[in-house]
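As structure tokens, the structure follows; a few thoughts come after it.
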Amino acid sequence: MSSIEDLLREFRPAKESEEFWDRVREDRVPEPDRRARGREGWKSAAAAAVLLALGLGLVADILRSGPAPVAPDVALGRIRQALETADTACIRFAIAPEDEASPARGPRKTGVMFLKRGNKVNLSVKEWASPDTRGVPQREARLISDGNQMERCLLSRGTEIEAERSKPESLSSGVADWYLRGADLASWPAVVDVTRGEAIREVKSAPGSSNAPAISYKVGPVSVTLWYDPTTFKPLRRSFRSEGPGHATETYQEYEFNEDMPDSLFVLAKEK
């Protein structure tokens, strides 16, 4: 029996210290191990740092990638809205024939357009007989609206040969509709009659980039490709091809929205 008692004694738990029983009697909580607490605090800080780094990396990726792409028809609607709601717009442009040697090529054109809310517009389009755009143009068309009256005149080598006045239509919505239907900027006077335009069809995505996505569509015999800013939906570049001869490329030297613009730009020529 003694050997069995000796064996059981080996499995008997060690006697608790007096300090332990004093704590039990006095209902005192043992003080935490400061070394363990330090280790746990370091682990928490490290985990928080990892989460912060992951969050910052995700935000950076989102900023680098830019806004999420939208469907082509949605992009077209937002481009139209950007054109219609801009307080002002300034566009400097050039239109050049794709084949300078073709007998069917159209003239080279340069121009500038100022548009301001309140039916105010100032457009000048110059036609050049050669790639040299210095000096006096072969022809020039001017269109000015002060909001109440619109004046259009045509000049040949600097001399006015035709002029007329009319009541301006709703220019902001007219510009957007006329522009998106594929009319080139040099045909601006057609904006006063936008009811004859054909419907836009076959809207789809076109090759572009993250900074300049593109859409394409057709209007009658014209195929239009339009590149735009994915944040503001401001048009950046446009090309159009017709089924007939005389293909042209339109480029913008400047295209700005909502810049300060003095009303002196929209004084009718006869009143200056």
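Nothing in this text is a laboratory measurement; each read-out follows from the coordinates by a stated rule. None of these values were measured; they are calculated from a predicted model. Here Cβ is always computed from backbone atoms with ideal geometry, including for glycine, and neighbour counts include all displayed protein chains.
Take Y255, Y217 and order them by how many other Cβ atoms sit within 10 Å, fewest up front.
By the 10 Å Cβ count, ascending: Y255, Y217.
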Under the Karplus curve 6.51 cos²θ - 1.76 cosθ + 1.60, θ = phi - 60°, whole-Hz ³J(HN,Hα) for segment 92-97, x wherever Gly or Pro sits: 10, 9, 9, 10, 10, x
Given the pairs K116/K204; K109/K218; K126/K234, which span a C-alpha to C-alpha distance of over 28 angstrom in this model? K116/K204
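With charges set only on the Cβ (+1 for Lys and Arg, -1 for Asp and Glu), what does the dipole of segment 72-267 come to about its Cα centre, in debye to the nearest 20?
Details: 26 positive and 28 negative charges, 44 e Å.
My answer is approximately 220 debye.
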Counting Lys +1, Arg +1, Asp -1, Glu -1, what net charge surrounds L265 among other residues with beta carbon under 9 Å of its beta carbon? +1
